[in-house]
Ligand SMILES: NC(=O)c1ccc[n+]([C@@H]2O[C@H](COP(=O)([O-])OP(=O)(O)OC[C@H]3O[C@@H](n4cnc5c(N)ncnc54)[C@H](OP(=O)(O)O)[C@@H]3O)[C@@H](O)[C@H]2O)c1
């Protein structure tokens, strides 16, 4: 798979990347059920799901992010108004029905992109599409895709490519608890369309992987990649952080392999952001998160920069941190 390491040692974040701040010129710096892979969990152990407790939250947050949240709350120097006109651009946002994804979709529609939202819940996503149409006068398109089900991902990719010949940006945003295989597979299926779009237009196209600061909390442990007893002992939040590390590895490798074909790949931490992420937490943690986390719109700024800023074309393989 995407994370092979011949020496079988745990990879650590420092081996992979140097963070790049989004909006560098203006930055105030701080730092289907039936088709699940056997043995390679696509979506972790949702069936055995545990809510995040305060100890898990503190582990996830590590020292630097606590400082970031409590002491150094930088103001955003850029806004969605900096996004160029996106008429003619076709963009996919996974998990665009709520949270950060919804804000990303709203901004893209406001700038005239043709947006496809890939999620598993039709009713919820269609309600979002209707709301955003009221707000932006533009309508996003829904493609059903359960990113924990490989068959569903294939069907979704086929549906998309039957409708569109071009894809300019793929934003792998959906919150998948403990695996990045779904986004890996979706990206693999859409790479031919991304490459041909770049080739035919002579312009760069982009892949944006939503990672998290949480990737720093846990190194990769290869013995927990498959459904082993060791993996079963790990908490879902450990696996979440590990999969967020995987999002970065994925983007770095995409950059190395496809950068020469005009495909710019980045990964990023969107900030600690209020969203429906709270549904995975105990009420105490949820209260704490609502108190100190940032508004949802701010979480969209870094991915929007990666996806649309002309300056971000030069950031192939980089990891971005918030914000403009
Ligand atoms: N919020 C933060 O503080 C924070 C911090 C660091 C990184 N991030 C990253 O930012 C991204 C967005 O997070 P968020 O906070 O906006 O999360 P969110 O509010 O929980 O939204 C997650 C979205 O993903 C969709 N989704 C979940 N499972 C799916 C599946 N199996 N197939 C298809 N879609 C699925 C959800 O749809 P349903 O409603 O149908 O489940 C929803 O649209 C995630 O990658 C997350 O890891 C967030």
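Each value in this text was obtained by applying a stated rule to the coordinates, not by laboratory testing. Nothing here was measured: the structure is a model prediction, and the numbers come from that model. With ideal geometry, Cβ positions are generated from the backbone for all residues, glycine too; neighbour counts draw on all protein chains shown.
Give me the number: length gained by fully extending residue 222 to residue 151, i.e. 0.36 nm times residue separation minus the C-alpha to C-alpha distance, one decimal in nm.
23.0 nm
Measure out, as a whole number of angstrom, how far apart the alpha-carbon centroids of segment 248-324 and segment 114-129 sit.
20
7 Å from Cα along Cα→Cβ at both residue 276 and residue 127: what's the point-to-point distance in nm?
Reported label-point gap for residue 276 and residue 127 is 0.9 nm.
Quick one: length gained pulling residue 53 to residue 158 fully straight, 0.36 nm per residue minus the C-alpha distance?
Going from the current span to full extension adds 33.8 nm.
Mind checking the alpha-carbon convex hull of segment 69-320 and giving the volume per residue in Å³?
132
Just to be sure I understand the model, the point goes 7 Å from the Cα along the line to the Cβ. What's the resulting residue 313 to residue 203 distance in nm?
For the pair residue 313/residue 203, the computed spacing is 0.9 nm.
Sorted from fewest to most neighbouring beta carbons within 10 Å, what does the list 106, 244 look like?
106, 244
Between residue 253 and residue 141, 0.36 nm times their residue separation minus their Cα-Cα distance comes to what?
In short, 37.4 nm is gained.
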